[in-house]
Amino acid sequence: MIGVHHKIRSSTGGRQDDGGVHAMILVTTAGKVGTEVARLLADRGKPVRVLVRDPGKVTAPARSGVEVATGDLDDPASVDVAMRGVSSVVLVSPAIPVQEINVVESAVRAGAGHVVKITSKASVDSPIARRRDQAEIENRLIASGLGHTLLRNNAYMQNFFMSAPSIVRTSRFGSAAGDGRLGMVDTRDVAAVAAEIAAAPAAHAGRTYWPTGPESISFADAAEVLSKVLGRTIGFDPLTVEEQARALIEVGLPEGLAAMNAQAVGLFAEGDCDYVTDDVPAVVGRPARSFEQFVADHAAVFS
């Protein structure tokens, strides 16, 4: 069913930017990245709309003056309603190809000018299913003829929230990342990059960015940072990939998703995410947040 939580402007009556095209920016989910993108754009006075299944569960964007459209990425008609008057799209969702391709095709029909695609390492022959799915979505977006920018993010610092219950309870956490180092990035910085590009996409058309934090660290390094910030010793326990999958299931992930995520973490041990770029500061004009800053900002979660 198609619905609208707040009134959506028609495609002939929306606000326009200096080039005469509609300036509404659509964000396709209200998760960690999407909610922050919407907040940042609203703070800049940009008209922004978030597409969600259940507006009753999404209070933060509405409080900040963001339009909330009710729809489902599996329902192209509802996506078309949310796409009315849209000039830029921030495509951020669990990367299910049929869903994100629905958004791309809706953007084509609506004449939207640009899509910022939140993605990760992607290749058609990756052993990780999500990365194959990302490649399929990216290829469809590139073939669409739309202006586009790909944000191939390093691992998120916020993934540590899954270890928070163990850190709180036992002052220890485990991972199959071994001694591998990661240029982990804060989702708030990913959102800042996406918002900057969506607001003024021309200079970023056709570009691929690789957002990371300012340094590449191991999980043992992360334990030292946690210990320093939290004021108590936090230990790190190496896990096998199978143990990692069981741990993810214990914190609530479905079995299939847990197995895929554990497989990806196993690649961290091989240096899969051991790289750092200056893409965050280059786009947003300030340094990327460090892991220490992330822990300090969320110390209560780990305490």
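The values are calculated or read from the model by the stated rules, or taken from the named source; none is laboratory data. Here the structure is a predicted model, which means the values were calculated and not measured. All Cβ positions, glycine included, derive from the backbone under ideal geometry; neighbour counts span all protein chains shown. With ligands, DNA and RNA removed, areas are computed over all heavy atoms of the protein, side chains included. Shrake-Rupley method; radii C 1.70, N 1.55, O 1.52, S 1.80 Å.
Output the 0 to 90 degree angle, nearest 10, between the alpha-carbon long axis of helix 32-43 and the longest principal axis computed from the alpha carbons of the chain.
Roughly 50 degrees between the two axes.
Placing unit charges on C-beta atoms (Lys and Arg positive, Asp and Glu negative, everything else neutral), compute the dipole magnitude of the chain about its Cα centre in debye, rounded to 20.
Values: 30 positive and 35 negative charges, 203 e Å.
Here the chain has a charge dipole of around 980 debye.
Residues of the chain: accessible area per residue at 1.4 Å, in Å²? Please report the intermediate quantities before stating the final value.
Details: 13130 Å² over 303 residues.
Normalised by residue count, the accessible surface of the chain is 43 Å².
Among A82, A60, A191, whose mean-square fluctuation peaks in a Gaussian network model of the chain (Cα, cutoff 10 Å)?
Of the options given, A60 has the highest mean-square fluctuation.
Based on the alpha-carbon gyration tensor of region 201-293 and its eigenvalue square roots a ≥ b ≥ c, which shape applies: rounded if a/c is under 1.5, prolate if not and a/b is larger than b/c, or oblate?
Values: a/c = 2.41, a/b = 1.38, b/c = 1.74.
Judged from the Cα gyration tensor, region 201-293 comes out oblate (a/c at least 1.5, b/c at or above a/b).
Please label the shape of region 73-116 as rounded, prolate or oblate, based on the square roots a ≥ b ≥ c of the eigenvalues of the alpha-carbon gyration tensor (a/c under 1.5 means rounded; beyond that, a/b larger than b/c means prolate, else oblate).
Oblate, since a/c reaches 1.5 and b/c is not below a/b.
Expressed in nm to one decimal, what extension gain is obtained for the pair D43 and R169 from 0.36 nm per residue of sequence separation less their Cα-Cα distance? Please list the in-between numbers first.
Numbers: separation 126, 0.36 × 126 = 45.36 nm, distance 3.76 nm.
Between D43 and R169, full extension yields 41.6 nm more.
Take the chain, connect every pair of alpha-carbon atoms lying under 10 Å apart with a spring to form a Gaussian network, then pick out the residue of T29, T240, T70 with the largest mean-square fluctuation.
Highest fluctuation among the options: T240.
Add -39500 (n - 2.57) for each DSSP H run of 4 or more in the chain, then divide by its residues: what number comes out at 222 nm, to the nearest 500 deg cm²/dmol?
Values: 12 runs with 121 residues, N = 303.
After summing the helix terms and dividing by the residues of the chain, the value is -12000 deg cm²/dmol.
Output the 0 to 90 degree angle, nearest 10, between the alpha-carbon long axis of helix 129-143 and the longest principal axis computed from the alpha carbons of the chain.
Once rounded, one gets 30 degrees.
Name the longest site-free stretch of the chain, where the excluded sites are trypsin sites (Lys or Arg not before Pro) in a DSSP loop with no more than 13 other beta-carbon atoms within 10 Å. Could the numbers behind the result be given before it?
On the way: sites that count: K7, R15, R44, R232.
Longest site-free region, per DSSP loop and neighbour criteria: 45-231.
Taking 0.36 nm per residue of separation and subtracting the Cα-Cα distance, what length does fully extending I249 through Y275 add?
Details: separation 26, 0.36 × 26 = 9.36 nm, distance 2.85 nm.
6.5 nm is the gain from fully extending I249 to Y275.
Among DSSP beta bridges lying fully in the chain, give the percent that are antiparallel, nearest 5. The partial results should precede the final answer.
Working: 5 of 33 bridges.
Given both bridge residues lie in the chain, the antiparallel proportion sits at roughly 15 percent.
Once you sort the root eigenvalues of the Cα gyration tensor of the chain as a ≥ b ≥ c, which label holds: rounded (a/c under 1.5), prolate (a/b larger than b/c) or oblate (the other case)? If you can, show how the numbers build up before the last one.
Working: a/c = 1.82, a/b = 1.73, b/c = 1.05.
It is prolate, given that a/c is not under 1.5 and a/b is the larger ratio.
In nm, to one decimal, how far is the modelled label at E105 from the one at S227, with both set 7 Å along Cα→Cβ?
Inter-label distance under the simple model: 5.4 nm.
Which residue fluctuates most in the GNM of the chain (Cα springs below 10 Å): G178, G71, G231?
The residue that fluctuates most here is G231.
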